[in-house]
Structures are given as structure tokens and as C-alpha cells.
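The values are calculated or read from the model by the stated rules, or taken from the named source; none is laboratory data. Only a predicted model underlies this, so the values are computations on that prediction, with no experimental measurement involved. Glycine gets a Cβ as well: all are built from the backbone with ideal geometry, and neighbour counts include every protein chain shown. Heavy atoms of the whole protein, side chains included, go into the accessibility calculation; ligands, DNA and RNA do not. Shrake-Rupley method; radii C 1.70, N 1.55, O 1.52, S 1.80 Å.
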Amino acid sequence: MILSRIDWIIIAIFFLIVISIGWIASRTAGKNISEFFLGGRGMPWWLLGISMVACTFSADTPNLVTGMVRENGVAKNWAWWAFLITGMVTVFIYAKLWRRSNVVTDLEFYEKRYGGKPAAFLRGFRSLYLGLFFNVLIMGSVTLAAIKIGAVMFGIQPLTTVLIASVAVVLYAGLGGLKGVIWADFFQYSIAMAGAVYAAIVAMQQPEVTSIGGMEGIMKKLGETVEFIPDFSDPSIYVPLLIIPIAVQWWSVWYPGAEPGGGGYIAQRMLAAKDEKNAIGATLLFNFAHYALRPWPWIIVALASMIIYPDLASIKAEFPHIDPTYLKDDIAYPVMLSKLKPGWLGLVVASLIAAYMSTIGTHLNWGSSYIVNDFYKRFARPGASDKEYVLVGRISTMVLMILAAVVALFFLNNATQAFNILLLSGAGSGAIYLLRWFWWRINAWTEIIAMVGATMVAVILVFFVDDQTVSTAVLDGFTMKLLIAVTLTTIIWIATTLITKPESKEVLRNFYKLTNPGGPGWKKVITDAAKDGEIINKKDLGKPWEMPIQILLVFIGCIVIYSSLFAIGNFVYGRTLYGIILLIIAGIGTFFLFKSFNKLRAN
């Protein structure tokens with residue numbers, strides 16, 4: 001593709017605005033750690049919610065969704081739609097607990113919940129493992145997607161793509177801290193969504209699509225491919241695609257952005273909120289926009305691409321310069337962007353850059369917060385000044401970007417096994433992150449042994465167990481490995497919890513007074529404290545436990561967002577009656593949601 005002068009002007013304006021945001025935010029970001037990593041803990045719900053959506057809107061996400069639809073139909077999206085349950089649990093149960101904890105990072109939580117050297121080791125080790133190794137690998141994969149888009153769309157060399165994409169994001173993330181990242185996210189998400197919607201409109205205006213009657217023709221020609229729900233006549237399709245994610249995956253697997261109980265950069269934004277109300281509102285907005293609104297422009301482009309380019313050979317025929325390494329179904333999204341006209345092409349290219357930068361900016365600030373707050377400040381220089389910590393934060397931001405670029409340019413082509421290890425290494429540990437707030441018996445050794453055990457299980461399953469060996473007629477090899485990892489890791493951490501000593505009375509009581517989680521899982525701690533003449537549950541006295549109504553809110557929240565998701569889908573497909581019915585269900589659910597939510601806050 002060739003960018004016209006107007007396209008370059010649009011892209012230049014975009015970069016200028018983003019860098020200006022970082023410069024403006026830098027006026028306050030350098031004051032202290034709270035300002036640099038949490039925006040001064042004064043951010044409103046709507047801004048934080050949009051930022052959460054923006055940082056999960058990666059440059060490779062449209063490609064990923066397009067590849068899913070082309071390979072297995074729209075229903076393949078249940079692979080990530082199922083994580084809505086995780087999101088709703090975070091909204092109505094864990095958001096307020098995170099805000100009450102008053103920590104700078106979610107890793108600081110370890111020395112609030114646990115005590116002694118095991119807690120310190122856990123915090124220090126995970127600060128480097130997640131903030132450096134894990135974070136760099138994720139940023140490397142996102143950067144690799146940018147490299148592919150640059151190579152396919154414009155024939156740009158990988159190093160050039162990395163330099164263009166990374167310099168601006170390092171500037172605004174390093175200068176403005178989290179506040180700069182969040183405001184840039186707001187601007188970038190607006191551009192990214194505008195570009196995605198326009199790309200969908202253009203896709204539906206193509207002669208190949210209009211000649212068969214638009215969406216109606218697409219539905220007739222593609223049949224089951226357009227349906228939201230998997231084919232229930234074939235267990236090998238609906239069990240791994242729908243049943244396993246809903247029944248097992250959402251609570252058992254830890255992965256950034258979809259952590260059971262919240263964590264990572266989602267927790268960072270909850271901690272940056274003005275108060276508990278804003279933390280809850282931010283996560284609710286995030287889940288609605290993430291699951292209900294965002295997917296449809298990409299799905300429309302994917303369906304249109306199946307009419308214009310029914311197979312990879314047809315893409316290769318029109319774009320013979322494409323490297324065979326990149327010729328997969330996910331490349332159909334950037335290929336469809338070739339239909340855009342000058343001016344609009346610049347907007348969509350800016351939207352792709354925005355998607356990349358919002359994700360990278362978040363990971364840079366998040367990873368830097370771990371390195372500074374949970375390693376440098378805690379272990380290396382505990383008595384240093386705030387200015388030094390901010391300086392180290394800015395330096396680590398730059399270093400993380402350089403490492404991510406190196407990984408993307410030189411190491412990531414053979415990272416499939418490493419990715420599988422990372423995914424499986426979190427399998428089974430998710431339940432710990434849910435229960436550690438509500439069961440006093442969980443201790444630091446629970447998490448340490450679970451972390452080590454899950455990693456060992458993952459290495460064995462990836463390197464020494466062939467997928468075909470464990471696959472069944474219903475479940476593919478990787479899904480079976482996931483279930484095996486969940487089962488073994490769960491057994492390991494429960495046994496560890498029961499065998500090892502619990503945390504000290506002082507640690508447990510201080511944590512309860514700080515976060516006030518409530519529930520029968522803390523009954524022994526409360527009773528023992530009362531025997532010692534200490535009342536640690538003053539806020540709970542005379543009040544029922546909120547968990548039952550919170551679970552009801554999770555259920556209603558899922559109904560509201562799934563109904564909204566499929567209402568929009570039915571309107572897109574021209575099924576107006578079904579869309580109206582689902583919209584009414586979503587409206588009724590929303591009414592009860594906020595009515596019940598007000599009662600919850602009144603308690």
C-alpha cells in the first residue's frame with residue numbers, strides 16, 4: 001500500500017497529540033511513585049474503564065479475531081468470551097477489596113496478606129518474573145504483530161517498524177507515567193475504534209459483498225460460520241470451545257488481563273481509582289466495552305474477507321509479495337485494509353498504531369512498577385528518594401522496550417513452546433487468587449509451591465508429552481494438557497496449604513482489618529481475636545455477608561453483557577426481532593443490576 005500526503009499528515013498529527021499528552025502529564029508524574037504508577041490515586045471510573053479496554057486492544061487483536069472466524073466461525077470467539085465470568089467476579093467481588101488494600105502494585109499485596117521471608121521472596125521473585133521476563137515476552141509478541149503488519153501492508157523492514165512504533169510510546173509512558181498512559185489510552189482507543197468501525201463499513205461496501213446482497217448474502221453463503229453458538233451436535237467442537245472455558249478455564253488459569261480476582265494492569269487501574277465506587281465502575285465499563293461492543297467491527301471484516309478471499313491461495317494471488325511465513329488466516333485483516341481510500345487509510349493506520357501503543361504503554365508502566373516498587377525500592381534501595389524511584393521507573397521503561405524489541409526481532413519466531421509453558425504454568429493457580437481473600441488458611445508457601453509445581457508440570461507436558469498421546473475423541477491434546485495441569489496443580493497447592501503452618505495471628509488480623517473481606521473463611525481468625533479481646537470485624541457486626549448478593553450481581557452482569565453482545569450481533573445480521581428481545585433482556589438486567597448494587601453499597 002502507498003500512503004498519500006493526507007495519510008502521512010493524519011499519522012503525524014496522531015503522534016504529535018500522543019507525545020503532547022505525555023509531556024503535559026509529566027508535570028505531575030515525577031513527584032513520587034504514587035503519581036508515576038497510580039496517577040495520584042485520583043482517576044475517575046470512565047477514564048480508567050476506557051484505559052482498560054484500550055490496553056487489551058492490541059495491534060494483533062483484530063488479526064486474532066479474524067483468524068478465529070475464518071478458521072472455526074464466529075463461535076470460536078467463545079475462547080475469550082468465556083472470560084467475561086472472570087471479569088464480572090472482579091467487578092462485584094474483588095474491585096473494592098483491591099482498592100481497600102491501598103497498595104501501589106498487586107505484588108505489594110503479598111506482604112499484606114502473608115508474612116516473613118516467604119512473603120518477601122514471593123514478592124521479589126514475581127516482580128522480576130512478571131515485570132521483566134513475562135512482560136517482555138508479551139510485549140515482544142505484540143511488537144511482532146506490528147512487524148507483520150508493517151511488512152505486509154507497506155513492505156517496511158522490521159527494525160524500521162520497531163523504531164517508528166516504540167519511540168513515541170517510550171516518550172509518553174516514560175514522561176507521563178500512568179496518568180500519561182491513561183489519557184493517551186483514551187485518545188488512542190477513540191482512534192482505534194473509529195478506524196475499526198470504518199474498516200467494517202468499507203468491507204461491506206466491496207463489490208464482491210454487495211453483489212450477493214450484503215450481510216444477508218454472507219449469511220446464506222457461509223451458513224453455520226456466522227452463528228454465535230457452537231454446533232451442539234458435535235462434542236469435539238462445543239466441549240473444548242464452550243464447556244471447558246465456562247466450567248474450568250475462567251477460574252483456574254492465570255493470565256495477564258484475565259486474572260481470576262483481578263491483578264496485573266487491571267488491578268493497577270483499580271488501585272488508581274478515586275475510591276471503591278470508581279474502581280467498580282471502571283471494571284464494569286471495561287467488561288461491557290471489551291466483550292459487547294468491541295468484537296463486531298472485526299467480525300464483520302472477517303466475514304466479508306471470507307467472501308472476497310475464500311482461501312489463502314486467493315490472498316496470495318492478489319498479494320504475491322507476502323512472505324509465506326506470514327500467510328495465515330489472520331493476515332486477512334490487514335489485507336482487507338488495502339481497500340481503504342487515501343485519508344481514511346491514514347486514519348486506520350493510525351488506529352493500528354494506537355492499538356499497539358496503548359498495549360505497549362500499559363505494559364511498560366506496569367512492568368516498571370514491579371521493578372521499581374517491588375524490587376528496587378523493597379530490596380535494592382529501600383531508603384532512596386521519590387525522585388530516584390521515578391528516575392529508575394523511566395529508565396526501566398526504556399530498557400523494557402529495548403528488550404521487547406530484541407525479543408521480537410531475533411527470538412520470537414520459535415516461541416510457541418514458550419507461550420504454551422507460560423499459559424500452562426498458570427493453570428490451576430487461579431483458584432488461589434480467588435480464595436486467598438476469603439480463606440485464612442492459605443499462606444505464602446501455598447503460592448510458592450503452586451508456582452513451582454505448575455511450572456514443572458507445564459515443562460513436562462509441553463516438552464515430554466505429545467498432544468496426540470493425551471488427546472481424545474472429544475478433547476484435543478492441548479485442552480487435555482490444560483485439564484491435567486489444573487488437576488495436578490490444584491492437588492499440590494491444597495496439600496501444601498494443609499501441611500504447612502498458617503500465617504501468624506498478627507498478619508491475618510491486620511489483613512482482615514485492612515480489607516474487611518468477611519465470610520465464614522475468616523471465622524476462626526475473628527473468633528481467636530475476640531478471645532484475645534480484639535474486635536477485628538467492626539464493620540461486619542450486625543450485617544449479613546455480602547457474598548450472596550455479589551454472586552447474584554455476577555450472574556446478572558453476565559446476562560446483561562452477553563445479551564448486549566448478541567443483541568448487537570443480531571442487529572448486524574438483520575435479525576431485528578431477536579436483537580430487540582435481547583436488548584430488552586439487557587435493559588431489565590441493567591435495572592436490577594444497579595438496584596441491587598445500590599443495596600450492596602448501602603450495607
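What the table shows:
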| item | result |
| --- | --- |
| Residue among LYS117, LYS96 that alone is free of Cβ contacts under 8 Å to residues at least 12 places away in the same chain and in contact with a helix residue (DSSP H, G or I) (Cβ under 9 Å, 6 or more places away or on another chain) | LYS117 |
| Candidates ALA458, ALA450, ALA444, filtered to the one that is within 22 Å of the chain's Cα centre (by Cα), buried (at least 22 other Cβ atoms within 10 Å of the Cβ) and of a type in the set (A, V, I, L, M) | ALA458 |
| Selection status of ALA247, within 28 Å of the chain's Cα centre (by Cα) and under 30 Å from ALA168 (Cα atoms) | no |
| Test: residue in region 370-377 that is open to solvent by less than 60 Å² (accessible area, probe 1.4 Å), at pLDDT below 90 and farther than 24 Å from GLY569 by Cα | no |
| From the options ARG123, ARG99, residue that is open to solvent by 10 Å² or more (accessible area, probe 1.4 Å), charged (D, E, K, R) and in contact with a Lys or Arg (Cβ under 7 Å, 6 or more places away or on another chain) | ARG123 |
| Residues of region 30-81 that turn out to be modelled with pLDDT under 85, under 18 Å from PRO240 (Cβ atoms) and aliphatic (A, V, I, L, M), as a count | 2 |
| Positions within region 136-148 being surrounded by 21 or more Cβ atoms within 10 Å (Cβ to Cβ) and closer than 17 Å to THR455 by Cα, in sequence order | none |
| Within region 537-553, tally of residues that are without any contact (Cβ under 8 Å) to a residue 40 or more places away in the chain and either charged (D, E, K, R) or under 12 Å from GLY518 (Cβ atoms) (or both) | 7 |
| Qualifying residue in region 281-292 (condition: on the phi > 0 side of the Ramachandran plot and either open to solvent by 10 Å² or more (accessible area, probe 1.4 Å) or acidic (Asp, Glu) (or both)) | no |
| Candidate set from region 318-341 (those that are over 15 Å from ILE149 (Cβ atoms) and out of contact with any helix residue (DSSP H, G or I) (no Cβ under 6 Å at 6 or more places or on another chain)); member that is surrounded by the most Cβ atoms within 10 Å (Cβ to Cβ) | GLU318 |
| Identity of the residue in region 189-215, without any contact (Cβ under 8 Å) to a residue 40 or more places away in the chain and open to solvent by 20 Å² or more (accessible area, probe 1.4 Å), that ends up farthest from SER305 (Cα to Cα) | SER190 |
| Residues satisfying the stated conditions in region 1-51, i.e. in a helix (DSSP H, G or I), among the charged types (D, E, K, R) and open to solvent by 10 Å² or more (accessible area, probe 1.4 Å) | ARG5, ARG27, GLU35, ARG41 |
| Candidate set: region 461-479, residues that are surrounded by 20 or more Cβ atoms within 10 Å (Cβ to Cβ) and among the β-branched types (Val, Ile, Thr); chosen: the one farthest from ASP234 (Cα to Cα) | VAL462 |
